[in-house]
Amino acid sequence: MYLVSSISQLMTGKIKINSKISIGGWVRNRRHSKLGISFINLYDGSCIHDIQIIANNKLNNYKKEILSITSGCSLKVKGIFKYSPKNLQIYEIYALKIEILGWINNPGKYPISPKKHSLKYLREVSHLRSRTKIISCITRIKHNIALHIHNFLHKKNFFWINTPLITTLDTEGSGKMFRVSTLDLSKLEYKKHTNIFKKDFFGKEAFLTVSGQLNLETYACSMSRVYTFGPTFRAENSNTKRHLAEFWMLEVEIAFSDLKYIINFIEKMLKNIFQYVLNFHENEISFLSKKIDKNLFNKINKVLLNKFNVIEYTEAINILKNCKEKFSHLIIWGEDLSIEHEKYLTNKYFNNIVIIYNYPKNIKAFYMYLNNDKNTVASMDVLLPDIGEIAGGSQRENRINILDKRLKEFKLNKNDYWWYRDLRKYGTIPHSGFGLGFERLISYITGIYNIKDVIPFPRTPYNAKF
């Protein structure tokens, strides 16, 4: 009787030595000795470790098949689970039977050969890159952090709300959205001043959402503590290391809270996530430290050991104006900070995470709470070293008269936002929230600073081939 197992189960030490086991996986590499013994490194993606298969020439398919195995072949192995006599690995499997399930056609052209590949190259073979140690490592970390966030929020009495991906409103007021339509563009006759979208599926213009926030607020104003976690879309023609057209975002809304509350909340949540990574992903972080960033453990510990630096936007502007750094972009109060400004504050001046709050109203969204000075809004951005902005949030404007003025300033039709305005008419409350870019968080934790390498199939300008 063979015990069906995975490599992660074998590495826990819970499987008894000398047990008969059955395991499936793919060949990382193999070596044949002149003594009639083959050493096959097998992986199954369940953990960072491979396991060595010892196959000898007594197996009935040794000469015919096993000697022809190449990197990438898929195998099913039955054998005896044993301690390894060498220090290179703890365990190994002495094969009693090896079945080759899938061969590699033309091994010389296999895109994921055992040699080292650049992350840039792997993007060109996104359908196969999860077979590499580095991408599977990132994927496991990402999966477990997502589960941990759900559990963290659940314990804090939050409810997960599935907000729509299709919307008729522009949450950010930027207009950089992907249109959703069933109209045949090749046959469409556009006439000025004619509402062609009346014939569309929803009877009006519709888009992929840039944020679930507005919908999420409706549930915050009845269930108090809610969040959504899913894909969002930005039609920005930006092909940088920090931008994607499709990415995942964690959005949190908390009733009866102000800006100060969510600043404290996001600091506690991020520190909780970083502590979880240290506690449960030491092997993965150790691997990434050797391959990507030798300071990875220090970076994660720095987040845990130091309080976040919280400063007002005006103070940030003064720091930048008074420093001796030469910037390409001008430093002007009322303008958004560029990535070089953010990196100076995080990497040099504070050398840690920075939260900037009370931004000028003209560079922030219409829904943010207008401060008493009438020039700034109760908003905040969380900036990470090397990454830049990872999260943005605000206290939401709960006064309908001021919200209406802000909609007018942004040239948005208040009638389109009738249901959002209703929240301010029927039992309005102070409430606050934030959105956190999930891939940017993973970038910082893994040291992989091109966001295209931490999402399975990156969507960027002129790139949606997989």
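Residues Tyr369, Tyr313, Tyr359: which one is of a type outside the set (Val, Ile, Thr), under 30 Å from Leu407 (Cβ atoms) and touching a Ser or Thr at 6+ places or on another chain (Cβ under 6 Å)? Before the answer, list the steps.
Working: Tyr369 fails: touching a Ser or Thr at 6+ places or on another chain (Cβ under 6 Å); Tyr313 fails: touching a Ser or Thr at 6+ places or on another chain (Cβ under 6 Å).
Of the residues listed, the single one that is of a type outside the set (Val, Ile, Thr), under 30 Å from Leu407 (Cβ atoms) and touching a Ser or Thr at 6+ places or on another chain (Cβ under 6 Å) is Tyr359.
Mind listing just one residue for me: the one in segment 319-353 that is of a type in the set (S, T, N, Q) and farther than 26 Å from Leu270 by Cβ and, of those, nearest to the chain's Cα centre (by Cα)?
Taking segment 319-353 first, the residues of a type in the set (S, T, N, Q) are 322, 328, 338, 346-347, 351-352.
From what's left, farther than 26 Å from Leu270 by Cβ: 322, 328.
Details: Asn322: 35, Ser328: 29 Å.
Among residues in segment 319-353 that are of a type in the set (S, T, N, Q) and farther than 26 Å from Leu270 by Cβ, the one nearest to the chain's Cα centre (by Cα) is Ser328.
For segment 361-372, enumerate the residues that are buried (at least 18 other Cβ atoms within 10 Å of the Cβ) and not aliphatic (A, V, I, L, M). First the steps, then the outcome.
Let us first name the residues in segment 361-372 that are buried (at least 18 other Cβ atoms within 10 Å of the Cβ), namely 361, 364-370.
Across segment 361-372, the qualifying residues are Lys361, Lys364, Phe366, Tyr367, Tyr369.
Residue by residue, here is whether (1) of a type outside the set (Ser, Thr, Tyr); (2) at pLDDT 95 or above; (3) not in a helix (DSSP H, G or I) holds:
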| site | (1), (2), (3) |
| --- | --- |
| Phe197 | yes, no, no |
| Cys221 | yes, yes, no |
| Gly230 | yes, yes, yes |
| Thr240 | no, no, yes |
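How do the pairs read when you match residues in segment 214-226 that are more than 16 Å from Tyr426 (Cβ to Cβ) with residues anywhere that are outside any helix (DSSP H, G or I) and of a type in the set (Lys, Arg), using Cβ under 7 Å and keeping only pairs 6 or more apart or on different chains?
These pairs meet every condition: Arg225/Lys156.
Among the residues of segment 289-306, which ones are under 17 Å from Ile353 (Cβ atoms) and either in contact with a Leu (Cβ under 6 Å, 6 or more places away or on another chain) or aliphatic (A, V, I, L, M) (or both)?
Listed by number, the residues that qualify are Leu296, Ile300, Val303, Leu304, Leu305.
Counting only residues that are in contact with a Ser or Thr (Cβ under 9 Å, 6 or more places away or on another chain) and aliphatic (A, V, I, L, M), which one in segment 335-355 is surrounded by the fewest Cβ atoms within 10 Å (Cβ to Cβ)? So that I can check it myself, show each step before the final result.
Start the filter on segment 335-355 by keeping residues that are in contact with a Ser or Thr (Cβ under 9 Å, 6 or more places away or on another chain), which leaves 338-340, 352-354.
Checking the rest, the ones that are also aliphatic (A, V, I, L, M) come to 339, 353-354.
Numbers: Ile339: 15, Ile353: 23, Val354: 21.
Among those that are in contact with a Ser or Thr (Cβ under 9 Å, 6 or more places away or on another chain) and aliphatic (A, V, I, L, M), it is Ile339.
Go through (1) surrounded by 14 or more Cβ atoms within 10 Å (Cβ to Cβ); (2) among the polar types (S, T, N, Q); (3) over 25 Å from Ala464 (Cα atoms); (4) under 22 Å from the mean Cα position of the chain (by Cα) one by one and return the number of the condition Ser84 breaks.
(4)
I need the full set of residues from segment 425-445 which are more than 30 Å from Pro458 (Cβ to Cβ) and either out of contact with any Lys or Arg (no Cβ under 7 Å at 6 or more places or on another chain) or loosely packed, with under 14 Cβ neighbours inside 10 Å (or both), in order please.
Within segment 425-445, the first condition is being more than 30 Å from Pro458 (Cβ to Cβ), and the residues that meet it are 425-432.
If the condition is that a residue be more than 30 Å from Pro458 (Cβ to Cβ) and either out of contact with any Lys or Arg (no Cβ under 7 Å at 6 or more places or on another chain) or loosely packed, with under 14 Cβ neighbours inside 10 Å (or both), then Lys425, Tyr426, Gly427, Thr428, Ile429, Pro430 are the ones that fit.
I want to confirm something. Restricting to segment 94-123 and keeping residues that are part of a loop (DSSP other than H, G, I, E, B) and without any contact (Cβ under 8 Å) to a residue 12 or more places away in the chain, which single residue is farthest from Ile54 (Cα to Cα)? Even if it seems obvious, please write down each step before you answer.
We begin by selecting, within segment 94-123, every residue part of a loop (DSSP other than H, G, I, E, B); these are 103-106, 110-118.
Still in the running and without any contact (Cβ under 8 Å) to a residue 12 or more places away in the chain: 105-106, 115-116, 118.
Details: Asn105: 24, Asn106: 25, Lys115: 22, Lys116: 25, Ser118: 31 Å.
Residue satisfying both the conditions and the ranking: Ser118.
Within the group Ile66, Ile80, Ile40, which residue is within 25 Å of Glu284 (Cα to Cα) and aliphatic (A, V, I, L, M)? Talk me through it step by step, then tell me what you get.
Working: Ile66 fails: within 25 Å of Glu284 (Cα to Cα); Ile80 fails: within 25 Å of Glu284 (Cα to Cα).
The conditions single out Ile40.
Could you pull out the residue among Ile451, Ile387 that is crowded, with 21+ Cβ neighbours inside 10 Å, modelled with pLDDT under 95 and closer than 18 Å to Ile339 by Cβ?
Details: Ile451 fails: modelled with pLDDT under 95.
Among Ile451, Ile387, only Ile387 is crowded, with 21+ Cβ neighbours inside 10 Å, modelled with pLDDT under 95 and closer than 18 Å to Ile339 by Cβ.
Just give me the residues in segment 375-408 being outside any strand (DSSP E or B) and either under 20 Å from the mean Cα position of the chain (by Cα) or outside the structural domain of Ser224 (by TED's automatic domain parsing) (or both), in sequence order.
Within segment 375-408, the first condition is being outside any strand (DSSP E or B), and the residues that meet it are 375, 385-387, 397-408.
Selection gives Pro385, Asp386, Ile387.
How about segment 131-170: which of its residues are touching a Pro at 6+ places or on another chain (Cβ under 8 Å) and not in a helix (DSSP H, G or I)? Show your work before the answer.
First, the residues of segment 131-170 that are touching a Pro at 6+ places or on another chain (Cβ under 8 Å): 139, 165.
If the condition is that a residue be touching a Pro at 6+ places or on another chain (Cβ under 8 Å) and not in a helix (DSSP H, G or I), then Leu165 is the only one that fits.
Please specify each residue of segment 1-51 satisfying the condition of being under 13 Å from Gln89 (Cα atoms), in a strand (DSSP E or B) and under 31 Å from the mean Cα position of the chain (by Cα).
Listed by number, the residues that qualify are Asn41, Leu42, Ile51.
Does Arg225 qualify as being buried (at least 16 other Cβ atoms within 10 Å of the Cβ), farther than 19 Å from Arg396 by Cβ and assigned by TED's automatic domain parsing to the domain that holds Gly393?
On the way: buried (at least 16 other Cβ atoms within 10 Å of the Cβ): yes; farther than 19 Å from Arg396 by Cβ: no; assigned by TED's automatic domain parsing to the domain that holds Gly393: yes.
No, not satisfied.
Given the conditions (1) under 16 Å from Leu96 (Cβ atoms); (2) surrounded by 16 or more Cβ atoms within 10 Å (Cβ to Cβ), and given that Ile7 satisfies all but one, which numbered condition is not satisfied?
Failed condition: (1).
Here is a list: Asn106, Asn144. Which entry is under 30 Å from Leu75 (Cα atoms) and surrounded by 15 or more Cβ atoms within 10 Å (Cβ to Cβ)? First the steps, then the outcome.
Working: Asn106 fails: surrounded by 15 or more Cβ atoms within 10 Å (Cβ to Cβ).
Checking each option against the conditions leaves just Asn144.
May I ask you to list the residues in segment 409-449 that are of a type in the set (A, V, I, L, M) and under 30 Å from the mean Cα position of the chain (by Cα)? Steps first, please.
Looking only at segment 409-449, we keep the residues that are of a type in the set (A, V, I, L, M), and these are 412, 423, 429, 436, 441-442, 445, 448.
Passing the criteria: Leu436, Leu441, Ile442, Ile445, Ile448.
In segment 101-132, how many residues are touching a Ser or Thr at 6+ places or on another chain (Cβ under 8 Å) and β-branched (Val, Ile, Thr)?
Adding up the residues that qualify gives 2.
The values are calculated or read from the model by the stated rules, or taken from the named source; none is laboratory data. Being a predicted model, the structure only gives us computed values, none of them experimental. Reconstructed Cβ throughout: ideal geometry from the backbone, glycine too, with neighbour counts over all protein chains shown.
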